[in-house]
1. Distance between Cα centroids, segment 1-53 to segment 65-84: provide it in whole Å.
2. When Lys and Arg each count +1 and Asp and Glu each count -1, what net charge do the other residues less than 11 Å away from Tyr89, Cβ to Cβ, add up to?
3. For the pairs Lys45/Lys144; Lys73/Lys93; Lys73/Lys161; Lys18/Lys47; Lys58/Lys160, note any where the Cα-Cα span goes beyond 20 Å.
4. May I ask you to give the average projected area over all directions of the convex hull of the Cα atoms of segment 2-172, in nm² rounded to one decimal?
5. Most mobile of Thr152, Thr94, Thr31 per a Gaussian network model of the chain (Cα springs, under 10 Å)?
Amino acid sequence: MLEQHLINNCAPTLAGIKCAGLFSYHYSSLTTVLRELAQLSGRLKAKGVYIDVLAWRKQAVLLYLYRPTLLEKELKKEGVGELLQQYGYSGRKTDNYLSHLKRRIQESDCFPHEIGIFLGYPIEDVIGFIQNEGKNCKCCGFWKVYCNEQETGRYFEKLKKCNRVYSQVFAAGRSLLEMTVVA
């Protein structure tokens, strides 16, 4: 069941197109979800993909699937360190940033807006979202777009195609591990 959710929510990350994906996974048994996460985590790490729990909620867990090598590139982009510093991030190391992100999520009822950086959204769109309080975007797809509308539209089409193909291939019997591109 968890594998199906990964395909539905994180196919571009599994394919190596996007640095990360995020989704809430509802479960009925804590023991079962912990076992599923442990098994899946070990198998995905061999491919350079990590799964991390950002928060536990009542009968749900917020899961973050990411490729450390791609995430590090996102975090080193111009202006990202300065933006994150405004929200208390320090150290400029991926592990430090992820630990702080977890704390920010656990301390709030809503997502911290800088989470877009950790999902590979362009910094201009993250800043646009923050400055406009989520309003006045040029278009909306996988995120709200404030800059480079045409280029982002093409990227959205690529992500949609990846989701479609991965869903079809998984439904036809290919395993999650077979579909995960090596980092």
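Every number here is computed from the coordinates shown, using simple stated rules; none is lab data. Everything quoted here is computed from the prediction, not taken from an experiment. Cβ sites come from the backbone with ideal geometry, for glycine too, and all protein chains shown count toward neighbours.
1. Cα centroid of segment 1-53 versus Cα centroid of segment 65-84: 20 Å apart.
2. The answer is +2.
3. On the way: Lys45/Lys144 31 Å; Lys73/Lys93 11 Å; Lys73/Lys161 24 Å; Lys18/Lys47 15 Å; Lys58/Lys160 31 Å.
Result: Lys45/Lys144; Lys73/Lys161; Lys58/Lys160 exceed 20 Å.
4. Details: hull surface 41.2 nm².
If you wrap the Cα atoms of segment 2-172 in a convex hull and average its projections, you get 10.3 nm².
5. Answer for the Gaussian network model of the chain: Thr31.
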